[in-house]
Amino acid sequence: MAANTKSTNGGSKKVMRYNRWGYIFLLPFFIVFVIFQLIPLATTIYNSFFENYRSGLKQIGPNFIGFANYAKILSSPDLWKYVGNTLIMWLIGFIPQILVSLLLAAWFTDPSLNLRGKRFFKTVIYLPNLIMASAFAMLFFTLFADSGPVNSMLVQMGLISKPFKFFSSTVATRSLVGFMNFIMWTGNTTILLMAGMMGIDPTLFEAAEVDGASANQIFRRITLPLLRPILVYVLITSLIGGLQMFDVPQILTNGSGDPARNTMTMVMWLNKHLYSKNYGMGGALSVLMFLLTGVLSIAVFHITGNDEKTDR
Amino acid sequence: MEQKTKKPHNSVHGRRFLAYFVLILMSFLCLVWFYILFINATRSNGELSRGFTPFPGSNLVKNFTGMLHSTQPVVRGMLNSVLVSGLSAILCTYFSTMTAYAIHAYRFKGRKAMYTLILAIMMIPTQVTALGFIQLLTKMKLMDSYVGLIIPSIAAPATFFYLKQYMDSVLSISLIEAARMDGAGEFYTFNKIVIPLMKPAIAVQAIFTFVGSWNNYFTPSLVLKTETKKTLPVLIAELRGADFLKFDMGIVYMTIAFSIFPVIIVYLLLSKYIVGGVQLGGVKE
């Protein structure tokens, strides 16, 4: 505390001395980031240029092969199939999610509706977001199993004569994955959109009401256009999350992505490469996913304008 | 004239009715699964095979003791999960506050670049670095250990971002300067002034980090190999992998309930802060 014994108007030199503490306080983050994120990222990229896998008991490689892994993976019909699966299941969940969230957020923030129990509904609808996705998927697997309670209810009600095999149907399995994502993420999106709607200048709504606009018109002509940046933000962050889809389809199908690998996502495929120690192909797939999320993140960055706001 | 005043009144009623209808339907869709889970966890295997009833059975205790003595170390798994998630939450929030403080309180060379870097890496999914991460843990002889699951939580850009924003609104530079005038050291100021001031935000982020770690399946499933070291999500996945239809279904439901209900109870107790936290923070994952 030598600095303190000096006169207080010691000027910038003293401030400079304090400012060195910034490095010390940053150190834990920086060290952990370099060891557990940066080095793994670098070695993942490095691996993608090598032929390195196991064939039975025999280890092939590592041999440097340049971009051959990328050429192989990009020309593989599997990649495009799994990208398609991931996007389809994301969309099955995202479309109802954004529609319902918009409705709920508009209702929650509409003072003329004056809904009761808002806190209760928000609490309930947000709840599934915190549930362990793997346990939730296991629950759905038991509930929708051939001899599970859903089938027994449908049979009891006479809607079907014999159990429907949900997990043998591509449409049913994909829909279940999408539905679970819908249930898990609607609350979160609703709360985000609500924050956006509450940020809109209330005099705009009042003026529109005075001019005789209907609730429907106000929503479409004022709320939606002003909400666009947040909607785009929700869309892209949800897409980034969707590309990482893993827990639900992995547990639901026991990692097989069945029926006919139609529910296999990109990360499930990556997980397979990691387990079989196919590091070359796994690396190339990781790098492709990294680039894809990178592009999407830059888009988010631009929308939120984080880079501008940083320095005050 | 009469019609004009009547019409908006009616439309508000109609919209309110529709709003309640959709809200109740959504609440039903969010809760019914956990209700069925609870009911089924109280019924015996025989009762379960005879079909679903909406009323609880009498096998709650029996299923619970059955789970305790099942082939899977479920209780051990829960203790492991508590340990990993608890330590992650503590380390993550303490060091993220420290990182936020470094950026907030000091003007050093490279500060802006560092801030931009942290924001830029916010969206990188853990999955894309998993390959290198596993190789690294293997080389460091840290496979099948909790170190690789706990320590990386120190570098958590999303938590940092939330805490930094909160810090901007509560911590003024003049307060830090006053502490310096009183002769407080920098670490003392951080631990005794900054941390207490940040408590509300730290609590929210601690909950999110805990739940995130509690629910995490991808990394633990790659790292943990010994049965007694596995966390709950890995055990649940194992349950799915086994030929579980031969199992006592009452116990299967009980195991799922055992891993879901603690989070539900904590959530119901703290929901005010959690929902408020989502509202403030914007980004979670």
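Throughout, read-outs are computed from the coordinates displayed, never taken from laboratory work. Bear in mind that the values here come from a model prediction, so they are computed numbers and not experimental data. Quick reminder, even Gly has a Cβ in these numbers, built from the backbone with ideal geometry, and neighbours come from all protein chains shown.
List of remarks:
- Taking A:Gly61, A:Gly93, A:Gly212 as the candidate residues, the one with maximal mean-square fluctuation in a Gaussian network model of chain A, Cα springs under 10 Å, is A:Gly212.
- More than 17 Å apart - percent of Cα-Cα pairs taken over region B:2-63: 60
- Projected area, mean over directions - the protein assembly as shown, Cα convex hull, nm²: 33.3
- Within region B:138-246, none of the GluC sites (Glu not before Pro) combine a DSSP coil assignment with at most 16 other C-beta atoms in a 10 angstrom radius.
- Computed over region A:100-253, relative contact order equals 36 percent, with contacts defined as Cα pairs under 8 Å that lie 6+ residues apart.
- For chain A, relative contact order (Cα pairs under 8 Å, six or more residues apart, normalised by length) works out to 28 percent.
- 3J(HN,Hα) along region A:224-233, derived from phi through the Karplus expression 6.51 cos²θ - 1.76 cosθ + 1.60 where θ = phi - 60°, amounts to 4, x, 6, 8, 3, x, 5, 4, 5, 4 Hz, with x in place of Gly and Pro.
- For A:Val155, neighbours were defined as the other residues whose beta-carbon sits under 15 Å from its Cβ, and their charges (Lys and Arg +1, Asp and Glu -1) total +2.
- GNM remark for chain A: springs join alpha carbons under 10 Å apart, and the peak mean-square fluctuation among A:Ala137, A:Ala172, A:Ala215 falls on A:Ala215.
- Helical segments meeting 30 Å axial Cα length and Kyte-Doolittle 0.0 threshold in chain B (DSSP H): B:2-41, B:74-105, B:249-281
- Test item: A:146-158 mean partner chain Cβ contacts at 10 Å: 3
- Annotation for region B:198-285: chymotrypsin sites (Phe, Trp or Tyr not before Pro) lying in DSSP loop with at most 12 further Cβ atoms inside 10 Å of their Cβ do not exist.
- For region B:101-151 versus region A:39-62, the gap between their alpha-carbon centres in whole angstrom: 22
- Pairs from the list A:Lys81/A:Lys162; A:Lys58/B:Lys230; A:Lys81/A:Lys272; B:Lys164/B:Lys199; A:Lys118/B:Lys199; B:Lys62/B:Lys225 with a Cα-Cα gap above 20 Å: A:Lys81/A:Lys162; A:Lys58/B:Lys230; A:Lys118/B:Lys199; B:Lys62/B:Lys225.
- Relative contact order (%) - chain B, alpha-carbon pairs under 8 angstrom, separation at least six: 31
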